[in-house]
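K.L.:
Before I ask anything, let me first share the structure, which is written out below as structure tokens.
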Amino acid sequence: MDRPKAMNAVSTEMARSIGAACAALAADPSVRVVVLSSTAERAFCVGADLKERNSFSDTELVRQRPTTRGAYGGVLALPMPTVAAVHGFALGGGFELALACDVIVADETAVVGLPEVSVGVIPGGGGTQLLPRRVGAARAAELIFTARRVEAAEALSLGLVDSLVPAGRDTAEALALASRMAANSPVGLRAAKRALRLGHGMDLEAGLEIEDAAWRTVAFSGDRVEGVAAFNEKRKPNWPGE
């Protein structure tokens with residue numbers, strides 16, 4: 001994200017750009033892992049652009065909603081693993097963008113939260129659904145209802161982020177993690193993500209059926225053939241990605 005003067009506040013134009021970028025990434029089979037990061041020094045993303053929102057009529061706000069949903073939904077729907085690199089403020093829609101990723105790497109400056117009820121709205125970029133899936137219903141309710149901001153150490157202890165790194169190291173560490181992921185089978189990565197996402201919240205029997213369907217997409221793939229051959233020949237695999 002590259003709107004540093006506004007600390008990456010999500011304007012209509014920025015939401016449209018995020019949605020378009022996600023569509024392009026999703027359609028590119030050569031992309032193995034995506035890292036969502038920020039060029040703003042003090043923030044990952046501070047959420048919706050409230051200055052722009054303040055100028056909207058009700059009709060304009062309704063008209064903007066699909067564009068906004070396209071940004072958050074675009075990140076969530078990416079078929080490959082995603083890693084958020086968070087520093088500074090990740091608030092409201094900014095934290096929802098991070099929650100839409102599979103793994104969140106935060107540095108020691110990170111401050112996260114969903115403060116929407118303090119300005120008369122609710123988390124509308126997936127927060128009411130994604131946060132309880134991370135930390136449980138009661139903890140998510142407490143965080144959303146109080147609108148409180150959570151600093152890095154507590155965020156790690158609560159499971160709001162997945163790892164904590166020294167200040168200024170979030171992007172580098174997220175890229176290093178993404179590189180470790182990307183060394184594995186592209187077909188396997190996407191199938192594993194699909195099984196994880198679709199199976200979450202299902203009863204065990206239904207979840208195992210989802211897993212079996214994902215397994216079938218990889219069992220007869222070129223990546224499976226190459227992976228087994230590379231293991232037996234004691235070499236690094238050269239994934240065909242199909």
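The values are calculated or read from the model by the stated rules, or taken from the named source; none is laboratory data. Worth saying up front: this structure is predicted, and the values here are computed from it rather than measured. Glycine gets a Cβ as well: all are built from the backbone with ideal geometry, and neighbour counts include every protein chain shown.
K.L.:
Counting just the residues of region 48-69 that are closer than 17 Å to residue 89 by Cα and free of Cβ contacts under 8 Å to residues at least 60 places away in the same chain, which one comes out surrounded by the most Cβ atoms within 10 Å (Cβ to Cβ)?
P.N.:
Here the answer is 48.
K.L.:
Show the residue pairs meeting these rules: Cβ distance below 7 Å; 6+ apart or different chains; first residue within region 190-210 and at pLDDT 95 or above; second residue assigned to a helix (DSSP H, G or I) and among the charged types (D, E, K, R).
P.N.:
Close Cβ pairs satisfying both conditions: 195/211; 199/211.
K.L.:
Can you confirm whether residue 124 is assigned to a loop (DSSP other than H, G, I, E, B) and out of contact with any strand residue (DSSP E or B) (no Cβ under 6 Å at 6 or more places or on another chain)?
P.N.:
In short, yes.
K.L.:
Within 22 Å of residue 99 (Cβ to Cβ) and not in a helix (DSSP H, G or I): which single residue out of 175, 164 fits that description?
P.N.:
None of the other options fit; the residue is 164.
K.L.:
Quick one: residue 112 ticks every box in (1) surrounded by fewer than 21 Cβ atoms within 10 Å (Cβ to Cβ); (2) touching a Phe, Trp or Tyr at 6+ places or on another chain (Cβ under 9 Å); (3) β-branched (Val, Ile, Thr) except a single one, so which number is it?
P.N.:
For residue 112, the failing item is (1).
For every residue, the table says whether it meets (1) in contact with a Phe, Trp or Tyr (Cβ under 8 Å, 6 or more places away or on another chain); (2) on the phi < 0 side of the Ramachandran plot.
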| site | (1), (2) |
| --- | --- |
| 31 | no, yes |
| 72 | no, yes |
| 80 | no, yes |
| 83 | no, yes |
| 88 | yes, no |
| 98 | yes, yes |
| 104 | no, yes |
